[in-house]
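Have a look at the structure below, then the notes.
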Amino acid sequence: MSGSAKTPPRRLGLAVRLAALILTATSLLFAVAFGYNYQQSRALLLKNVENSAKSLTMATVSKIEEVLHQLQTVPEAVAQGVGSHVIEQPQALVMLADFLRDTPEAFGGGLFLEDHARAGQARREAPYFVKRDGRVVYDPLGADYDYSFMDWYMLPKHLGRPQWSEPYYDEAGGNILMATYAVPVWQDLDGEKLFRGVVTVDISLESLQRIVAKLHPGISGYAFLVSRTGRIVSHPNKALIMRSSVFSRAEEADDPELRTVGRAMVRGQQGFARLGGKAIGKPIWIYYAPLPGAEWSLGLVIPEDDLFADLTELHRDVVLIGAGGFTALLLLVVLIASAVTRPIRLLARKTIEIAKGNLDVDLPVVSRSDEVGDLSRSFHEMRRALKEYIANLTETTKAKERMESELKIAKNIQMSFLPKRFPPFPDIGAFCLHAQLEPAYEVGGDLYDFFLLDEHRLFISVGDVSGKGVPAALFMAVTKTLTKGIAEQDPDPAVILAKVNNELAEENDAMLFVTMFCAILDFRTGELAYSNAGHNQPVLIGADGAARFLALPPGTAMGPIPDLSYETRRILLSPGDTLVAYTDGVNEAQDEAEELFGNERLLGFLRRTRERAPDLLTRALFAEVHAFAGKAPQADDITVLTLAWNGPDADACPGLR
Amino acid sequence: MAGAMPDEMMSSRRATGWRAAAWAVCLLLFLAAPARAQTGTSDVSAPAAQPLQSVTFIPQWEPQAQFAGYYCALQRGFYRARGLDVTILRGGATRPPSRLLAEGKADFGSLFLGKAIIDRAAGVPLVNLAQMVRQGSLLLVAKKARGIRVPADLDGKRVSMWGDEFRIQPNMFFATHGIAVIPVPQGFTVDLFLRDGVDAASAMRYNEYHAILNSGWDPDELSVFPMAEAGLDFPEDGLYCLESFWRERPQAARAFVEASIEGWLWAFAHPREALDIAMSYVNGANLPTNRVHQQWMFDHIRAAMMPDGRPENVGRLDREAYETVARALLREGLIADVPAYEEFHVRLR
């Protein structure tokens, strides 16, 4: 119950499974190929980008270096000249002023000497030129202006070499970003270098910013410049300039990657790195390289989106084409698979109908030369063979039915001829009689008969027609009719048999024959006259229970040969004697091991049994034979006729009590 | 007991927050009461009845979060509420508060305690109205890469230091450790240190130290010697006016201090807004700094103003701290004698 209540397992058609399999395999192949291709082209692209970023950056670096270098030469020459007394101060100042005039980037410059360099004098104002409205103006710094602790003074002094200061906005509060290049003035005093002061030029970083701004790789890439402390000097976002540094940006966004890159930049390293985009807002690649002179660092930022834009687009196309291909492939596979399996599905459906017995269903005709075609043809062949077989079967069945009906008729004929009323003569007590015939499946030709010839003589007979079926039944009927007719005219067993034989022998083309034992009992005297035509020996059971075979005169079975003679024998029965006549269905009954019941077993049973009433005795014998045969089929008719003589004065059969 | 420690600490920290709020309220009530009593007017919240007194204030440096509380007091109207029309001047290297106070160009100034004592000894009659920054932030910073890990490593090294009053603690520190350094004057930046022109530099924790970090140096690459932790904890920023001002306009001085403290406490309670206000001054001055740096400064100034976490102590000058600093100055020969605490300091709180 539960099994049938369950939903049947989901069935996937062949077409679907085939399609799924093919597509899975293809997808896997495609994915692997795609992934490999993507990784490889990405790596290749990255390498190319790094190379071009590097050359772009380096080109810009050298451009900036060139600009800075130009600005550095004059201050260096002045410092050198002053230190070695090649030029005197006024001359140096003229050189500085000329330099300012000729150099648009230069905004100011001066000569700042150590106080002790002017020994014996009070601190004086420091000579300084500055550009105002495009003109170079002498604007000395006041005597009270202590520059000794200014970076641009201290850095070259303590480091012993020219220094670029950190960038700053010009003093006038404008928006021009400046940096001061300060060159120490060294005086050679008895082989010892003595620091005398610095020559400074203030330089606008605008041109640098312009150079950097020109650099914008990719779609939205850009370049930026940081000072040696990481402060942003040039950047497309002006708000960041000077206010922010790579480190403040990193701290703001809590972006340790950016801080790492920043540290590499301020340490003058060169490299190519990816930033996750915490600070920038999107993943970027950055190439950075130092500016050797100022020890600043130039960074080239390329958003990853830009970098891989073409690649992404290409791969998107590939994926789209792949998806389209898959769809087409899916349709194709489903189409092909269903075309291949359609006849199979049809065959499967038709087979169900065939199984139900409908052999006339339309089987699809597949005119293909492949396996499906073979299958289809086999189905056609199978159906043809089945049809033929079934036709044959039908024919056979009909014949069998006909035969069976014939047998039934024969059996009916056979049985209808036999006297079946027992006890047959309820008014006569001198003898008791019982007979029983059990036909086999295939009708045999057993017969028995009894009737009174007059008021004191009883005729009995037991016979067995050779052959089976209707002919045997008819022959039996004829034999019985003849016997009865002849016995009533001429009551001598041998004569009866001889006459019946002659009658049967006429027109007996089928050469059938019949064995018979017949007897006439004078139930007044107990004299039994009997004769035999090739029949089994009946058994005579004495009143004392002793059983023996009744010796029979020789006699041939009736039917085939005319003019045979038979002998009549006579015995005198004692009251209580019982005669058991039977056909070979009894002694030739077989058990499952095909062993015969046999005369000994018959005699043994009849001696053993206490039954004397013929009906009971008959039934007991049948029971014994059936018990012996067990499940073995009954091969022949079984007939038993039992006659008990009670003596002339007996008034009733013991069986009729 | 060890297990109970963190909980206690946590609960005490939490309690401090509540206590801070409670004290802020008490403080306002306390401040409001005498203001009313002294001005004699009926209501301090209606100062329009009284003409505003114009005063100027000079911080000792450029606009930055170090002075956030004063900007907040001004922006939030705490000065105005006390009848003051305060102008905050732009400070800087060329505008030392002592000079501006002496010249009458400013009424109030913010000065380091040591600097104020020295200037007073030099003839500028300064009066301490409130000691705002009560814990010293001065550090000596060196690069581990240059072999400096313990104070003894500084021996014979070039150490940059600011002017006189900034050298007292380092000098005492060197003496304590029995070392001698080569002093180098320190400018306005730590560039000389960053470029290895010196081996160690002075730094305020709230300013230069962060500048060094944000020039690409990680804390673990640096050796930091905090003066306060070496027993040289000198109070720093205080509010000052001239003795004459205090004599003539004590109410104005009192109102200025009270409003300033209120500004700071408000800033501590509203750090984001306070930083916004400070940044508006920073940006107005077009200074090359950024919010991250100012945030750092604000956080560390706050810690230095309330080392004990008690808002009611903001502005208090401890006698002991004062005398420690003054005696150190005396010993260094920067002053001839120690002014009496009562003379130097006006106890407003």
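Odds and ends about this structure:
- Of the criteria (1) at pLDDT 95 or above; (2) among the aliphatic types (A, V, I, L, M); (3) surrounded by fewer than 20 Cβ atoms within 10 Å (Cβ to Cβ), which one B:Val159 fails: (3)
- Residue selected from region B:168-212 under the condition surrounded by fewer than 20 Cβ atoms within 10 Å (Cβ to Cβ) and either part of a helix (DSSP H, G or I) or in contact with a His (Cβ under 7 Å, 6 or more places away or on another chain) (or both), by the criterion nearest to the other protein chains (Cβ to nearest Cβ): B:Asn171
- Within region A:291-332, being modelled with pLDDT under 90, within 24 Å of A:Gly268 (Cα to Cα) and small (Gly, Ala, Ser) holds for A:Gly293, A:Ala294.
- When A:Pro292 is tested against (1) out of contact with any Lys or Arg (no Cβ under 8 Å at 6 or more places or on another chain); (2) within 25 Å of B:Met279 (Cβ to Cβ), just one condition goes unmet, and that condition is (2).
- 1 or more residues in contact with a Gly (Cβ under 9 Å, 6 or more places away or on another chain), within 23 Å of B:Phe78 (Cβ to Cβ) and of a type in the set (A, V, I, L, M): qualifying helices (runs of 4 or more DSSP H) within region B:213-317: B:250-269, B:271-284, B:291-305
- Every residue from region A:142-161 that is in contact with a Phe, Trp or Tyr (Cβ under 7 Å, 6 or more places away or on another chain) and either more than 12 Å from chain B (Cβ to nearest Cβ) or among the basic types (Lys, Arg) (or both): A:Lys157
- Enumeration of residues in region A:476-522 that are farther than 28 Å from A:Gly576 by Cα and assigned to a strand (DSSP E or B): A:Val514
- Only strands (runs of 3 or more DSSP E) whose full extent lies in region A:563-657 are considered here, and the ones with at least 2 residues that are more than 21 Å from A:Gln436 (Cβ to Cβ) are A:568-572.
- Reported count of residues in region A:117-139, each being modelled with pLDDT of 70 or more and touching a strand residue (DSSP E or B) at 6+ places or on another chain (Cβ under 8 Å), is 11.
- Those residues of region A:262-310 which are of a type in the set (Val, Ile, Thr) and away from chain B (no Cβ under 14 Å), in sequence order: A:Ile280, A:Ile284, A:Ile286, A:Val301, A:Ile302
- Taking each residue of region B:212-227 that is within 17 Å of A:Gly268 (Cβ to Cβ) and looking for partners that are of a type in the set (Ser, Thr, Tyr) with beta-carbon atoms closer than 8 Å, six or more apart or interchain, yields B:Ser215/A:Thr229; B:Ser215/A:Ser245; B:Gly216/A:Thr229.
- Selected residue (criterion: surrounded by the fewest Cβ atoms within 10 Å (Cβ to Cβ)) from residues of region A:162-176 that are more than 10 Å from chain B (Cβ to nearest Cβ) and touching a residue at least 12 places away in the same chain (Cβ under 8 Å): A:Ile176
- Strands (runs of 3 or more DSSP E) contained entirely in region A:184-260, each with at least 3 residues that are away from chain B (no Cβ under 12 Å) and farther than 15 Å from A:Tyr288 by Cα: A:192-204
- Exclusive hit being farther than 29 Å from A:Ser148 by Cα and either outside any loop (DSSP other than H, G, I, E, B) or not assigned by TED's automatic domain parsing to the domain that holds B:Ser215 (or both), set B:Ala73, B:Ala106, B:Ala116, B:Ala142: B:Ala73
- Close pairs (8 angstrom Cβ cut-off, 6 or more residues apart or separate chains): farther than 18 Å from A:Trp296 by Cβ in region A:49-69, in a helix (DSSP H, G or I) and of a type outside the set (Val, Ile, Thr) anywhere: A:Val49/A:Leu307
The values are calculated or read from the model by the stated rules, or taken from the named source; none is laboratory data. Predicted model only: the values in this text are computed from it and were never measured. Ideal geometry is used to build each Cβ from the backbone, glycine not excepted, and the neighbour counts take in all protein chains shown.
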